[in-house]
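A short reminder: the numbers here are calculations on the coordinates, not readings from a lab. Computed from a prediction, not measured in an experiment: that's the story for all the values here. Here Cβ is always computed from backbone atoms with ideal geometry, including for glycine, and neighbour counts include all displayed protein chains.
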Amino acid sequence: GAVVSQHPSRVICKSGTSVKIECRSLDFQATTMFWYRQFPKQSLMLMATSNEGSKATYEQGVEKDKFLINHASLTLSTLTVTSAHPEDSSFYICSARAPWTGGHSYFGPGTRLTVT
Amino acid sequence: EDKVVQSPLSLVVHEGDTVTLNCSYEVTNFRSLLWYKQEKKAPTFLFMLTSSGIEKKSGRLSSILDKKELFSILNITATQTGDSAIYLCAHLGRYGNKLVFGAGTILRVKS
C-alpha cells in the first residue's frame, strides 16, 4: 500500500523557537496533503490543506503566520510551527491524498511535539 | 458547517463480544463516509461508503450507510484485544477533498 512518512517522529523544543515537520509521500505523487492536530484521546482536527505549487488553505481559527505550510513538490509538504509555545504541544499528523483512492487519504505516523 | 457525531465516545467490552459503533452526520454536498482505526500512531483506512444499504465487509468488521437517516454503523464481531483502538468516522465532501472527522470512539477490549 501507499506509504506516507513524517519526520521527525518526536521533537522537543524550547519556547520561542521554530520547528519544521516534514511529510513525504514515498511511492506516489500527492497534489494535495492535509495537516491535522490531535490532542490526547481526541479526534483529528484539520488545520490546513496543502496544495502543491500554491498557498495552503487554512481552517477557521488556525493562524497561518504561526503554522507555515509549504508544499514545494508533489511528494513533500512541510509544516513549520513558528515561535512555539507550550500550548502548541500536540500530535501533528499529515495525510496525502492518492489519486486512485476515490478520496481517502493515507496518513503519516505523526510527530509528537513538546514545547518546554 | 459540516458535523460528524460519533457514539458512544468510549466503550469497554470483553473478548468475544460484538460491538456496534455509530456515526451520524449533517453535511452539505455529501460524497462519502469513511471509517478509520487508530492505534498508536497513524489512522489506517477501514471502509469508504458512498451508497446506501450496501454492506462493506472485511473479516470481522463490517459497515453500512443509511443516506436517508444520515448515519453509518461499524460492526465488529468476536472482538479481540487487538481491536482496542480509536475508531474514527469522517465525511469526505464533494468539493475540496478534505475529511471532517467525528470525535472518535475509544474501544477497549478486555481479555
* Protection proxy ranking of B:56-65, B:8-17 - average other beta-carbon atoms within 10 Å, highest first -> B:56-65, B:8-17
* **Theoretical gain in end-to-end length, B:Val5 to B:Asp66 [0.36 nm per residue, Cα-Cα removed]** => 20.5 nm
* **Considering only chain B, percent of DSSP beta bridges that pair antiparallel, nearest 5** => 90 percent
* Asked: What ranking do A:Trp35, B:Trp35 get, fewest neighbouring Cβ atoms within 10 angstrom at the top?
  -> B:Trp35, A:Trp35
* To do: Could you give the size of the charge dipole of chain A about its Cα centre, using +1 on the Cβ of each K and R and -1 on the Cβ of each D and E, expressed in debye and rounded to the nearest 20?
  => 200 debye
* **Ellipsoid semi-axes in whole angstrom, largest first, where each is sqrt(5λ) of the Cα gyration tensor of chain A** => 23, 14, 13
* **Neighbour cut-off at most 16 other Cβ (10 Å), DSSP loop, trypsin sites (Lys or Arg not before Pro), region B:7-54** => B:Lys40, B:Lys41
* Other chains' Cβ within 10 Å of B:84-94 residues: what's the mean? -> 2
* To do: Give, in nm to one decimal, the length gained when the segment between B:Thr77 and B:Lys41 is fully stretched (0.36 nm per residue of separation minus the Cα-Cα distance).
  => 10.6 nm
* To do: On each of the three principal axes of the Cα atoms of the protein assembly as shown, give max minus min coordinate, whole Å, ordered largest first.
  => 48, 38, 33
* Structure fact -> Counting other chain Cβ atoms within 10 Å of each Cβ in B:97-105 and taking the mean gives 6
* To do: Among B:Asn22, B:Asn75, B:Asn97, determine the one that fluctuates most according to a GNM of chain B built with springs between C-alpha atoms less than 10 Å apart.
  => B:Asn97
* Cβ-based net charge around A:Ser9, under 12 Å, with every Lys or Arg adding one and every Asp or Glu removing one -> +3
* Asked: Taking θ as phi - 60°, what are the ³J(HN,Hα) couplings along region B:46-57 by the Karplus curve (6.51, -1.76, 1.60), each to the nearest whole Hz, with x for Gly and Pro?
  -> 10, 9, 10, 10, 10, 9, 6, x, 9, 7, 9, 9
* Within region A:12-92, report the trypsin sites (Lys or Arg not before Pro) that DSSP leaves as loop and that have at most 15 other Cβ atoms within 10 Å. => A:Lys14, A:Lys41, A:Lys55, A:Lys64, A:Lys66
* R0 of 22 Å, Cβ-Cβ distance A:Thr80-B:Glu26: FRET efficiency to nearest 0.05 -> 0.05
* Asked: Taking amide H positions as placed 1.01 Å from N in the peptide plane, with prolines and chain starts having none, which residues 5 or more places from A:Ala56, or on another chain, fall under 5 Å of its amide H?
  -> A:Asn51
* Structure fact -> In whole Hz, the Karplus estimates of ³J(HN,Hα) for region B:21-38 (6.51, -1.76, 1.60; θ = phi - 60°; x where Gly or Pro) are 9, 10, 9, 10, 9, 10, 9, 9, 6, 4, 10, 8, 10, 10, 10, 10, 10, 10
* Unit Cα scatterers, Debye sum, chain B: log10 I(q)/I(0) for q = 0.12, 0.13, 0.15, 0.20 Å⁻¹ -> -0.38, -0.44, -0.59, -1.02
* Using the count of nearby Cβ atoms within 10 Å as a rough guide to exposure, how do A:Tyr58, B:Tyr87 rank from fewest to most? -> A:Tyr58, B:Tyr87
